[in-house]
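Colleague: Let me give you the structure first, and then I'll get to my questions.
Coordinate-derived values only; no laboratory data. Note that this is a predicted model, so its numbers are computed, not measured. Using ideal geometry, Cβ is built from the backbone for each residue, glycine included, and neighbour counts are taken over all protein chains shown.
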Amino acid sequence: MKKFSILAAVVLAAIMGSCTNSAPKADMKNDVDTLSYSIGMAQSRGLKEYLTQRMGVDTTYIDEFIKGIVEGANAGENKKKAAYYAGLQMGQQISTQWIPGISYEMFGDDSVQTASLQNLLAGFIDGSTGNSNIMNVEAAVSTAETLMPIVKKKAMEAKFGDWKKQCEEYMAGVAKKEGIKELGDGVYYEVLTEGTGAVPADTNRVSVNYEGKLLNDTIFDSSYKRGEPAKFRCNQVIPGWTKALTNMPVGSSWMVYIPQEQAYGSENRGEKLPPFSCLIFKIDLLGIE
């Protein structure tokens, strides 16, 4: 007999060591009855883990789950009930998946702040029914795309404001250092070794060795440590890198100082690379491929 996959819509209380008055009782009078029962039992294999890990169900309330299973199964093709059950399932997804995911997108790991469940539901329902007098779906998509980076930046500024200020002050100091030259848009460089080779175009693929540091000397990336040069097109990197590479003769070694606006801005890239970080790179341009 073929193996049966786990189906959340088929369950027996016996697997949980629980019982409920709403669950039907087995009444096996023939082979079809016995086969039906055995299939139902087989489908419940691994269900507890599926419910807790994939559906977020607290099995303390397994009786309620059984009640829902029985009601759903007995509803058959009743379209009204099917729509209601689909709404329940979608509502649970909004609560347990959408809100946490959207809140993380907005505020990172700040668990104090959250997206508005009330307004998210209002927008979703208005969009589903077509009854909104606030905006249509196309406008909502555009508004979300516009506002998300603004909200994210404000949240990051509230959390990393001191670091942002330190980086701005550091870059202001770099601009005043002797031997420092400007590439534009706040990107500065210092020549360690002046190369005599060709200068890459932004579409050229280059080979480089580099080490990237923060202003506190934390090394967040290094091709030297990996033991081999990095290779990429000049326009495939952050803007500050593109500016440097497209002004740098092959054979050069530069220290390059990049403000956060020409790097990763308010993007949170983890502990090693906080938002609003100015970046300091030693770059050796080895060749054009």
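Colleague: Run lengths n ≥ 4 of DSSP H only: what is the helix-derived mean residue ellipticity at 222 nm for the chain, with -39500 (n - 2.57) per run over all residues, to the nearest 500? Can you show the working numbers first?
Modeller: Numbers: 9 runs with 121 residues, N = 289.
Here the helix-only value at 222 nm equals -13500 deg cm²/dmol.
Colleague: For the chain, which span is the longest to avoid every loop-located (per DSSP) member of trypsin sites (Lys or Arg not before Pro) having at most 10 other Cβ atoms inside 10 Å?
Modeller: Values: sites that count: LYS2, LYS3, LYS25, LYS29, LYS176, LYS177.
Answer - 30-175.
Colleague: Under 18 Å from the Cα of LYS81, which aspartates and glutamates turn up, not counting those fewer than eight places away in the same chain?
Modeller: Partners found: GLU64, GLU71.
Colleague: Relative contact order for the chain using alpha-carbon pairs under 8 Å, separation at least 6, rounded to a whole percent? Could you put the intermediate results ahead of the total?
Modeller: Values: 392 pairs, mean separation 41.7, N = 289.
After rounding, I find 14 percent.
Colleague: Okay, moving on. Report the calculated FRET efficiency for PHE124 and GLU64 (r = Cβ-Cβ distance, R0 = 25 Å), to the nearest 0.05. Could the numbers behind the result be given before it?
Modeller: Numbers: r = 25 Å, r/R0 = 0.98.
With a Förster radius of 25 Å, E is 0.50.
Colleague: In nanometres, what is the gap between the two model label sites at ARG45 and ASN78, each 7 Å from Cα along Cα-to-Cβ?
Modeller: 3.3 nm
Colleague: Once the convex hull of the alpha carbons of the chain is built, what does its volume come to per residue, in cubic angstrom? Write out the running numbers ahead of the final one.
Modeller: Details: hull volume 67.9 nm³, N = 289.
Cα-based convex hull of the chain, divided per residue, equals 235 Å³.
Colleague: Ok, one more. Rounded to the nearest 20 debye, what is the charge dipole size of segment 207-289 about its Cα centre when +1 sits on each Lys and Arg Cβ and -1 on each Asp and Glu Cβ? If you can, show how the numbers build up before the last one.
Modeller: Numbers: 9 positive and 9 negative charges, 18 e Å.
The calculated dipole for segment 207-289 is roughly 80 debye.
Colleague: If you don't mind, another one. For LYS159, list the lysines whose Cα falls under 20 Å from its own Cα; do not include residues on the same chain fewer than 8 positions away.
Modeller: Excluding near neighbours in sequence, the set is LYS272.
Colleague: When the C-alpha atoms of segment 168-232 are aligned to their principal axes, what extent does each axis show, in angstrom, from largest down?
Modeller: The Cα atoms of segment 168-232 stretch 33, 28, 21 Å along their principal axes.
Colleague: Residue farthest toward the positive end of the dipole of the chain, with Cβ of Lys/Arg at +1 and Asp/Glu at -1: which of GLY161, LEU245, GLY287?
Modeller: The residue sitting farthest along the positive end of the dipole is GLY287.
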